[in-house]
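Participant: Let me give you the structure first, and then I'll get to my questions.
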Amino acid sequence: METFLQQIINGLVLGSMYALVALGYTMVYGIINLINFAHGEILMAGALTSWTVVTLLADSGLPGWALMVIALICAVAVCTFLNFTIEKIAYRPLRSAPRLAPLITAMGMSLLLQTLAMIVWK
């Protein structure tokens with residue numbers, strides 16, 4: 001029974017992550033009419049940032065809830081910085097361009113973030 005409950009919780013967590021990504025895609029497309037292919041990579045960067053923070057602070061003696069709060073704040077800060085930078089540098093200059101140019105740029109940002117994550121987190 002314990003395994004069943006753990007699997008239910010795992011399914012709810014994973015489904016919530018999928019719903020969050022889908023909601024983000026929908027909101028971005030509805031507002032600026034751009035499919036942001038880097039949206040999942042931003043989520044990945046936030047998850048890896050929070051994992052790094054928890055790993056670094058694991059031996060600090062802080063309670064688990066404090067580690068999670070600190071990791072959440074760091075992940076939100078990194079994701080906000082990434083989204084702001086990508087929008088300013090890559091997407092905003094292409095607002096009046098033909099529809100193919102922002103689409104190709106979004107795919108390029110996705111590949112760039114994946115490669116940077118592989119370099120930083122090996």
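The values are calculated or read from the model by the stated rules, or taken from the named source; none is laboratory data. Keep in mind the model is a prediction, meaning the values are calculated, not measured. Quick note on the areas: whole protein, heavy atoms, side chains included, nothing else; ligands and nucleic acids left out. Shrake-Rupley method; radii C 1.70, N 1.55, O 1.52, S 1.80 Å.
Participant: Hey, what did the chain get for relative contact order, percent, Cα under 8 Å, at least 6 apart?
Facilitator: Values: 76 pairs, mean separation 35.9, N = 122.
That works out to 29 percent.
Participant: Taking all pairs of different Cα atoms in the chain, averaging 1/r and flipping that mean, what Kirkwood radius in angstroms comes out? Provide the component values of the computation, followed by the final result.
Facilitator: Values: mean 1/r = 0.0613 Å⁻¹.
Radius from the Kirkwood sum: 16.3 Å.
Participant: I've got another one for you. Can you give me the accessible area per residue for the chain, using a 1.4 Å probe, in Å²? Before the final figure, lay out each step's value.
Facilitator: Numbers: 8550 Å² over 122 residues.
Accessible surface, normalised per residue, equals 70 Å².
Participant: Which percent of the accessible heavy-atom area of the chain goes to carbon and sulfur, probe 1.4 angstrom? Spell out each step's value before the answer.
Facilitator: Details: 6510 of 8550 Å².
It is 76 percent, rounded to a whole number.
Participant: With viscosity set to 0.692 mPa s at 37 °C, what whole-number translational diffusion coefficient in µm²/s follows for region 1-52 from Stokes-Einstein and a Kirkwood radius over Cα pairs?
Facilitator: Values: Rh = 12.7 Å.
Reported coefficient: 259 µm²/s.
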